[in-house]
1. Confirm whether PRO106 is at pLDDT 95 or above, under 21 Å from LEU4 (Cβ atoms), in a loop (DSSP other than H, G, I, E, B) and not hydroxyl-bearing (Ser, Thr, Tyr).
2. Kindly establish whether THR139 is β-branched (Val, Ile, Thr) and either more than 27 Å from LEU8 (Cβ to Cβ) or touching a Cys at 6+ places or on another chain (Cβ under 9 Å) (or both).
3. For segment 4-42, how many residues meet the condition of being part of a strand (DSSP E or B) and surrounded by 15 or more Cβ atoms within 10 Å (Cβ to Cβ)?
4. Test LYS140 against the stated conditions and say whether it is over 28 Å from PHE65 (Cβ atoms), touching a helix residue (DSSP H, G or I) at 6+ places or on another chain (Cβ under 7 Å), exposed (fewer than 13 other Cβ atoms within 10 Å of the Cβ) and touching a residue at least 40 places away in the same chain (Cβ under 8 Å).
5. Residue by residue through segment 156-192, note down the ones that are in contact (Cβ under 8 Å) with a residue 40 or more places away in the chain and either in contact with a strand residue (DSSP E or B) (Cβ under 8 Å, 6 or more places away or on another chain) or assigned to a helix (DSSP H, G or I) (or both).
6. Looking for whichever is in the same structural domain as LEU26 (by TED's automatic domain parsing), crowded, with 16+ Cβ neighbours inside 10 Å and out of contact with any Asp or Glu (no Cβ under 8 Å at 6 or more places or on another chain) here; the options are GLU145, GLU199. Which one fits?
7. Only one residue in ALA74, ALA59 is of a type in the set (Gly, Ala, Ser), in a helix (DSSP H, G or I) and surrounded by 15 or more Cβ atoms within 10 Å (Cβ to Cβ). Which one?
8. Taking LEU114 as the residue in question, decide whether it is surrounded by 18 or more Cβ atoms within 10 Å (Cβ to Cβ), within 15 Å of THR196 (Cα to Cα), at pLDDT 95 or above and not β-branched (Val, Ile, Thr).
Amino acid sequence: MKDLKYTLIADGSSDKTLIRIIKWLLDDLYPRLPNQGVFADFRGLPDPPKTLKDKFKAAQTYYPFDIIFIHRDAESTNSDAIKLRLNEIEKEIGTTNLKNTVCLIPVKMMETWLLINKEAINKAAGNRNYSGEINLPPTKKLEKESHPKKLLHELLTDASGLKGRNLKKFNVNKAVHLVSENIRDFSKLRELNAFTIFEENLKTVLNRFLDQK
């Protein structure tokens, strides 16, 4: 069987870390299905697309795929936020394109899905032997966290153990990417409503794709 090719369109370049989560879920659900994923980075194009509709078209040209993942942050802890984002995506790319589109809509933002593993945070901060407290919210309550990005940045900064001039040199944005690289099991995310919706969407789209093979 040839590799499944997938492309990720994300809110911003910093969100390409979601590729790691997508890869984990595909391998967990379909262990016999080889897959290759790529982050759609349009910044190098002469006229980078700005709307999601144009990004979708550009991805078809520059990052051809069997299925495509579209990431939008809910940017709210409101229970209707995911549905509103799904409606926005459908309106922008059109109903026809939904057949091979999987939506990722974390509540409240991507960093919420990285607040699940203390050891990964320590390693990403460059201090795997950090002995201080890493107080992560209970996974089931993560979607109620108002400032997940701020919390993750604070935890990484604390775990680095750096002070003064060395702390100023600490690249917290790079460390965020390393958190996902150091998580081997994302199954805790199945406790989150947004991830459950994402997983069900993936199974629907991928099973439809496989049935056509």
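1. The answer is no for PRO106.
2. Against the criterion (β-branched (Val, Ile, Thr) and either more than 27 Å from LEU8 (Cβ to Cβ) or touching a Cys at 6+ places or on another chain (Cβ under 9 Å) (or both)), THR139 does not qualify.
3. Total satisfying the criteria: 10.
4. It is true that LYS140 is over 28 Å from PHE65 (Cβ atoms), touching a helix residue (DSSP H, G or I) at 6+ places or on another chain (Cβ under 7 Å), exposed (fewer than 13 other Cβ atoms within 10 Å of the Cβ) and touching a residue at least 40 places away in the same chain (Cβ under 8 Å).
5. Correct list: ASN173, ALA175, VAL176, HIS177, LEU178, VAL179, SER180, GLU181, SER187, LYS188, LEU189, GLU191.
6. Among GLU145, GLU199, only GLU199 is in the same structural domain as LEU26 (by TED's automatic domain parsing), crowded, with 16+ Cβ neighbours inside 10 Å and out of contact with any Asp or Glu (no Cβ under 8 Å at 6 or more places or on another chain).
7. Going through ALA74, ALA59 in turn, just one is of a type in the set (Gly, Ala, Ser), in a helix (DSSP H, G or I) and surrounded by 15 or more Cβ atoms within 10 Å (Cβ to Cβ): ALA59.
8. No, not satisfied.
The values are calculated or read from the model by the stated rules, or taken from the named source; none is laboratory data. Quick caveat: nothing in here was measured; it's all calculated off a predicted structure. Note that we place each Cβ from the backbone using ideal geometry, even for glycine, and neighbour counts take in every protein chain shown.
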